[in-house]
Every structure is written in C-alpha cells, then in structure tokens.
Amino acid sequence: MLAQQINIATRSARPLPISYIIRIAQQCSCDVYIQETDMRINAKDYNQMKRNWKPQGNRLIFYLNGADEVAAGDKLKKALET
C-alpha cells in the first residue's frame, strides 16, 4: 500500500468537485482511498464520497493499493496540484 500526500493549496481559489476525483480514481485499476479524520473513504464510490468526504486544509492523503499504485499516485498528483 502506498500513501500519497497531495498539496491542493494552488487550487484553493477553485472548488475541488468530488466527481473530478472519482473520475480520476476510476481510471486506475488499484484501490484508491482518501484519508478523512477517522476513516478511509473509497474514492471510486460516489455515495461514500458524497456522504463522508469533507475536505479540510490544503492537503489530501490518498492510500493506493494495487498493481498500478505508483502510476495512480502520479496521476492524482498531476491532476490535483495543477
């Protein structure tokens, strides 16, 4: 399992829609989770994201598990930090 911290401070003026994160996560074959305060949320599951994800601060922590976890981490970082 790979943990990837992504700085979203450069996006602070623009909202970060959950559909954008879900779409990127679904393009990866590995499991993609976002760390929330006391739980991990499946980033591929719209209902979990809508119900449980409440972004706070300028950083997101993703946990990636699977064959393409490194490529998925790079893809998320590139998409969310720009």
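The values are calculated or read from the model by the stated rules, or taken from the named source; none is laboratory data. What you see is a predicted model; the values in this text were computed from it and never measured. Ideal geometry is used to build each Cβ from the backbone, glycine not excepted, and the neighbour counts take in all protein chains shown. Ligands, DNA and RNA are excluded from the accessible area calculation, which covers all protein heavy atoms including side chains. Shrake-Rupley method; radii C 1.70, N 1.55, O 1.52, S 1.80 Å.
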Please identify every one of the trypsin sites (Lys or Arg not before Pro) in the chain that sits in a loop by DSSP and has no more than 11 other beta carbons within 10 Å of its own beta carbon. none
Measuring with a 1.4 Å probe in the full set of protein chains, what accessible area per residue, in whole Å², belongs to segment 1-62? 61
For the chain, the Cα convex hull volume per residue in Å³ comes to 78
Starting from the residue with the highest accessible area, list MET49, MET1 in decreasing order, probe 1.4 Å. MET1, MET49
Spin-label model distance (nm) - SER29 vs ASP45, 7 Å beyond Cα toward Cβ: 2.3
Which one, TYR33, ALA43, ASN58, is farthest towards the positive end of the dipole of segment 29-73 when Lys and Arg carry +1 and Asp and Glu -1 on their Cβ? ASN58
If you average the sequence gap of Cα pairs under 8 Å that are 6 or more apart and divide by the length of the chain, what percent do you get for the contact order? 47
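Could you give the dipole magnitude of the chain about its Cα centre, charging the beta-carbon of Lys and Arg +1 and that of Asp and Glu -1, in debye to the nearest 20?
Details: 12 positive and 8 negative charges, 76 e Å.
With Lys and Arg at +1 and Asp and Glu at -1, about 360 debye.
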Computing the accessible area with a 1.4 Å probe over protein heavy atoms, can you report the carbon and sulfur percentage for the chain? 48
Compute the length gained on full extension between LEU16 and GLN56: take 0.36 nm times their separation in residues and subtract their Cα-Cα distance, giving the result in nm to one decimal. 13.3 nm
Segment GLU81-MET1, length gained on full extension (0.36 nm per residue, minus Cα span): 26.6 nm
